[in-house]
Amino acid sequence: MSRPTPSHGAGRNQGGSSAGSTIWSWSAHLATAAGLGCALVSWDVTTVVLCVVLLVLVTGVIAASLWAEDGRRAVPRILRVAFSGGLAAPAAVALIVVLKLAGVLLVLALEAAVTAAERLAVVEQRQRYLDELDRRSPDGVAAWLAAGARASGNPLPYVADHRRRAS
């Protein structure tokens, strides 16, 4: 009995359209590249390289322990997951730091919260952030509120501008 020959690209893009998977893949690669660029600009090269290497090793060990029973067949999958995790995590952190997306992420977390307790936890966390900002820069927070602060807004430009004027 002969085995069927897999077609070109067999095993890829399972569970989704080819065009949708391609767009998602390229978007993820672009976001990772942009994030790594932000990391290199914000931090020194040594820090970025050490973060990536450490995360690749940790992710690789975890992936290897999960797929150990698959033996050598799992090696490409383990490498793909290890390098993806090692590159994506520092890139995501750098994008958050550079673009100051913390407020937007809190709003998204609030939207993703399912239960009332989860929503309350997100609201309380945002309140702690705002209280700390108000403690450190009451004039900056007041300027942000006077400018029509929104839930998804970012008070940091007002706080940062206030710090520059004070020095």
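The values are calculated or read from the model by the stated rules, or taken from the named source; none is laboratory data. Nothing here was measured: the structure is a model prediction, and the numbers come from that model. Don't worry about glycine lacking a Cβ; one is built from the backbone with ideal geometry, like all the others, and counts go over all protein chains shown.
Evaluated against (1) assigned to a helix (DSSP H, G or I); (2) modelled with pLDDT of 85 or more; (3) not charged (D, E, K, R), G148 falls short on exactly one condition, (1).
Among the residues of segment 119-150, those that are under 12 Å from A109 (Cα atoms) and hydrophobic (A, V, I, L, M, F, W, C) comprise L120, A121, V122, V123. Do the conditions hold for S137, that is, is it modelled with pLDDT of 80 or more, among the polar types (S, T, N, Q), under 30 Å from T47 (Cβ atoms) and within 21 Å of the chain's Cα centre (by Cα)? No, not satisfied.
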